[in-house]
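What follows is a short report on a single structure.
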Amino acid sequence: MKLLRLLLFGLGLFAAAISCRATDSQTVVAPGLFSYQAPSGWTVKDSPISKYKISFAPPANGFAANINVVIETFAGSLSDYVTGSLNGLKATPVLTNVQVLSQQPFRTAGGIDGQRVVVSDTMGKINMQQTFYFFDGGSNAKLVITASCLAADGATDAPLFDAALKTFTLE
């Protein structure tokens, strides 16, 4: 699944690892698809690795926390998509110590219902925390927004991730 590719991308976004073009806007927009407001002080950038713009925190401890979006075609239910994505995540050989810390419903300010899943894992020697926000995009489209940070920053970054994704809208 693309989720694994995007997760690995999120894990690999160390401060100096990728050069991107920044925009002045704090809003991430994919016209006709979705939008959300990036956390204050973050930068929204194009990336050759992602089809959609990505929002980045200022680098700290060699890593830039980030939020990125993937849209996949999946004919099943959102619940089945979440289950399949998590099973794939646990099976990837690149990650160790994959643990689901929480899984709960999530509702945006605009009333879009989805699932929020917080996962901790290790890639190499780096302890990470990702928060996945899963939404049904209609017409067999599923959206997964991955918010990645260092595990040590999880408690601090989680409210920023939630606030940004509360602004998520389908266009």
inquiry  = Just to be sure before I move on: is S85 more than 17 Å from D157 (Cα to Cα), under 15 Å from the mean Cα position of the chain (by Cα) and of a type in the set (S, T, N, Q) in the structure I sent?
reply    = yes
Selection within the stretch 52-64 - touching a strand residue (DSSP E or B) at 6+ places or on another chain (Cβ under 6 Å), of a type outside the set (K, R) and either crowded, with 22+ Cβ neighbours inside 10 Å or on the phi < 0 side of the Ramachandran plot (or both) = Y52, I54, S55, F56, F63, A64
request  = Return yes when I49 is in a loop (DSSP other than H, G, I, E, B) and surrounded by 14 or more Cβ atoms within 10 Å (Cβ to Cβ) and no when it is not.
outcome  = yes
request  = State whether one or more residues within the stretch 149-171 are part of a loop (DSSP other than H, G, I, E, B), touching a Gly at 6+ places or on another chain (Cβ under 7 Å) and under 20 Å from T27 (Cβ atoms).
outcome  = yes
message = Among the listed residues A147, A164, A141, identify the single one that is within 18 Å of Q99 (Cβ to Cβ) and either touching a helix residue (DSSP H, G or I) at 6+ places or on another chain (Cβ under 8 Å) or in contact (Cβ under 8 Å) with a residue 40 or more places away in the chain (or both).
response = A147
ask   = Restricted to the stretch 105-156, and to residues that are more than 15 Å from the chain's Cα centre (by Cα) and either of a type in the set (A, V, I, L, M, F, W, C) or buried (at least 22 other Cβ atoms within 10 Å of the Cβ) (or both), which residue is nearest to A91 (Cα to Cα)?
value = M123
Tabulated pairs, the stretch 60-88, first within 21 Å of S50 (Cβ to Cβ), second of a type in the set (D, E, K, R) and part of a strand (DSSP E or B), C-beta under 7 angstrom, 6+ apart or interchain = E72/K142; F74/K142; Y81/K142
remark   = A91 meets each of (1) without any contact (Cβ under 8 Å) to a residue 12 or more places away in the chain; (2) under 23 Å from Q26 (Cβ atoms); (3) among the aliphatic types (A, V, I, L, M) with one exception, condition (2)
task = Among what's in the stretch 83-104 and is of a type in the set (V, I, T) and either surrounded by 20 or more Cβ atoms within 10 Å (Cβ to Cβ) or modelled with pLDDT under 95 (or both), pick the residue that is farthest from A141 (Cα to Cα).
result = T96
task = Looking only at the stretch 116-138, count how many residues are touching a residue at least 60 places away in the same chain (Cβ under 8 Å) and either small (G, A, S) or part of a helix (DSSP H, G or I) (or both).
result = 1
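The values are calculated or read from the model by the stated rules, or taken from the named source; none is laboratory data. What you see is a predicted model, and the numbers here were worked out from it, not measured in a lab. Cβ atoms come from the backbone with ideal geometry, glycine included; neighbour counts cover every protein chain shown.
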